[in-house]
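The values are calculated or read from the model by the stated rules, or taken from the named source; none is laboratory data. These figures come from a predicted structure and were not determined experimentally. No Cβ is skipped: glycine too gets one built from the backbone with ideal geometry, and neighbour counts run over all protein chains shown.
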Amino acid sequence: MLWADSLEARATSRGLERLEGLLLRVGSGRDPSLHRAELSRAYRAELDRPVLDGEAGELLLPALSAA
């Protein structure tokens with residue numbers, strides 16, 4: 001049983017190494033915190049828009065952030 005456990009541990013280790021290699025290749029190479037900050041700024045800018053576009057007449061259309 002010890003032999004089988006050893007083989008399984010090695011197979012798991014190799015699988016994780018392959019997974020790490022794949023994830024490193026598909027990564028953008030950018031700092032994720034910068035990407036999150038850019039997305040946050042873009043989304044916050046959208047929150048200042050009215051809920052509906054177009055002529056509101058006498059209706060008061062709140063911004064998305066207030067809705």
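Quick check, is LEU19 surrounded by 10 or more Cβ atoms within 10 Å (Cβ to Cβ) and at pLDDT 75 or above? Taking the combined requirement at face value, the residue satisfies it. Among the residues making up the stretch 3-45, none is on the phi < 0 side of the Ramachandran plot, over 14 Å from the mean Cα position of the chain (by Cα) and not in a helix (DSSP H, G or I). Pairs meeting the criteria (first residue in the stretch 1-28 and of a type in the set (Asp, Glu), second residue in a helix (DSSP H, G or I) and exposed (fewer than 10 other Cβ atoms within 10 Å of the Cβ), beta carbons under 7 Å, at least 6 apart or on different chains) are lacking.
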